[in-house]
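Accompanying notes for the structure given below.
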Amino acid sequence: MKLWGGRFTKETNQLVHNFNASLSFDQKFYEEDITGSIAHVTMLAEQKIISDEDKDTIIGGLKSILEDIKSGKLIINEEHEDIHSFVEAHLIERVGDAGKKLHTGRSRNDQVALDMKLYTRKEVLEMDKLLKNLLNSLLKIMKENLDTIIPGFTHLQKAQPITLAHHMGAYFEMFKRDRSRLKDIYERMNYCPLGSGALAGTTYPLNRERTAELLGFYGPTLNSMDSVSDRDYLIEFSCAMSIIMMHLSRFCEEIIIWNTNEYRYIEIDDSYSTGSSIMPQKKNPDIAELVRGKTGRVYGSLTSLLTTMKGLSLAYNKDMQEDKEFVFDAIDTTKGCILLFNGMLDTMTFNKDRMRASAEGGFTNATDAADYLVKHGVPFRDAHGIIGQLVLYCIDKNISLGEMTLDEYKAISPVFEEDIYDAISMETCVDKRNTIGAPGPQAMRDVIKLYDEYLAG
Ligand code: ARG
């Protein structure tokens, strides 16, 4: 059963076999393995390294294996070392001697480097699609909430009024950057390692440009030692996924807070909530909590991979087989989290009255009250002090700035006039902020136009 049994005189110890084997997880890229092999033999025949007849026989066999795995007729559960051995053994069983020519001018080192790259490349695009869907959901909420007032926080203390559109827009920017990170990774990784052999290329006249082209790469990689031992793109992807998860986790934290009895800014849909086995009243934000929790797991993949690669001499070392489980888990986790989060976001409802009432409290208009004085000639630092006194006065009387009488205002500074009330209304506070990137509806509309163009492109 071993591809490499020739120089051995003993059977592998069963525990050694189990410890060494990767079939249980590298079967995930069986399709990429077969696709890579088809490109390889196509090129071998074009270069007259194998005959056209052998090529056709091999491709026929590989396609039948692919079909049978897909349909469930061929189950990958045998005692093979890895998916490469599995496919080759089945090929030889199905087509005989021609199958033994498949591995001409190839090593499992460049083969696995290719398979993992093909798999990852596909997943980078998949993830990008999921992020784009999420951005569409966010943009929809933004458009519907240009004047939904909500307090903006710093230090989790109410700071200034903003809008729900503006708050969602912050996440739009984050996920937009995440997409651009994925694009960078794709651009850098999309070079084909096939043809690098074990580490030193091969003596066969392989046409590496051709296999790169057949597999949709920009071109072949340029150093065969680096080709078989480069896992940078997996580290970069794990890092990008960690950042995506960090963004989702921050968002989830806010959703959890907004969903508390104390806040009640939002209501998570019943279909995205869970209950308690003992407390009948409970409706818990488990999905948000799980997404937040799984963030640690994805960070773990990044740290594991970086640590595995640290100190590895050139070129291939078996340590590198450890890349797969981490990265597969990170990919599945991140994709699942984006999808679940998006569903939760699409179905949650926003309690606009609560948001507005909350913005009214906590002196979120104090900065605007100070700006009012500045407009009437008071230096900003003095204005800051005056409003600070007003805030203290209000706290003492348990009222808001808007609830003070004009006489009370004038007792602290004669500059105040009747128009102070309009100047510190929530609407004015938001509407007047129209610098680029600010929550004012005009500024938001300009940005939304750019986002529409971005998502259409
Ligand atoms: N299962 C191996 C891996 O994932 C394939 C490469 C094996 N190469 C070798 N020289 N043993 O890394």
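Below are the figures for this structure:
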read-out	value
Positive-pole candidate from Val41, Thr9, Ile76, dipole of the stretch 5-104, charges at beta carbon	Thr9
Signed unit charges on C-beta, dipole axis of the chain, positive-most listed residue Thr211, His167, Gly388	Thr211
The stretch 224-319, Rg to Rh (Cα coordinates; Rh as Kirkwood inverse mean 1/r)	1.23
Centroid-to-centroid separation of the stretch 169-231 and the stretch 1-72 [C-alpha atoms, Å]	22 Å
Relative contact order computed over the chain (Cα-Cα under 8 Å; 6+ residues apart), in percent	15 percent
Added length on full extension, which subtracts the Cα-Cα distance from 0.36 nm per residue, Glu213 to Met225	2.2 nm
Check: the chain dipole with +1 on Lys, Arg Cβ and -1 on Asp, Glu Cβ, in debye	740 debye
Quotient of Cα Rg and 2.2 N^0.38 Å for the stretch 268-323, N being how many residues it contains	1.95
For the chain, calculated [θ]222 nm from helices alone, where every DSSP H run of n ≥ 4 adds -39500 (n - 2.57)	-20000 deg cm²/dmol
Magnitude of the charge dipole, the stretch 221-297, Cβ model with Lys/Arg +1 and Asp/Glu -1, debye to 20	260 debye
Fewest-first ranking of Ser137, Ser22, using other Cβ atoms within 10 Å as the exposure measure	Ser137, Ser22
Kyte-Doolittle at least 0.5, axis length at least 15 Å by Cα - qualifying DSSP helices, the chain	83-95, 232-258
The stretch 122-201 - charge dipole about Cα centre, Lys and Arg +1 at Cβ, Asp and Glu -1, debye rounded to 20	40 debye
Residue order, fewest to most beta carbons within 10 Å, for Leu305, Leu314, Leu146	Leu314, Leu146, Leu305
Efficiency of FRET between Asp407 and Glu267 - r from beta-carbon atoms, R0 45 angstrom, step 0.05	0.60
For Glu144, Glu32, order by how many other beta-carbon atoms lie within 10 Å, fewest first	Glu144, Glu32
Quotient of Cα Rg and 2.2 N^0.38 Å for the stretch 174-245, N being how many residues it contains	1.30
The stretch 361-456, Rg to Rh (Cα coordinates; Rh as Kirkwood inverse mean 1/r)	1.11
For the chain, radius of gyration divided by Kirkwood radius, i.e. Rg to Rh on alpha-carbons	1.16
Value of relative contact order over the stretch 1-116, rounded to a whole percent, pairs C-alpha under 8 Å and six or more apart	36 percent
Cα-based convex hull volume of the stretch 5-104 per residue, rounded to whole Å³	103 Å³
Relative contact order [Cα under 8 Å, 6+ residues apart], the stretch 126-170, whole percent	37 percent
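Throughout, read-outs are computed from the coordinates displayed, never taken from laboratory work. Note that the coordinates shown come from a computational prediction; the quantities given were computed from them, not determined experimentally. Because the Cβ atoms are built from the backbone with ideal geometry, glycine has one as well, and the counts that use them run over all protein chains shown.
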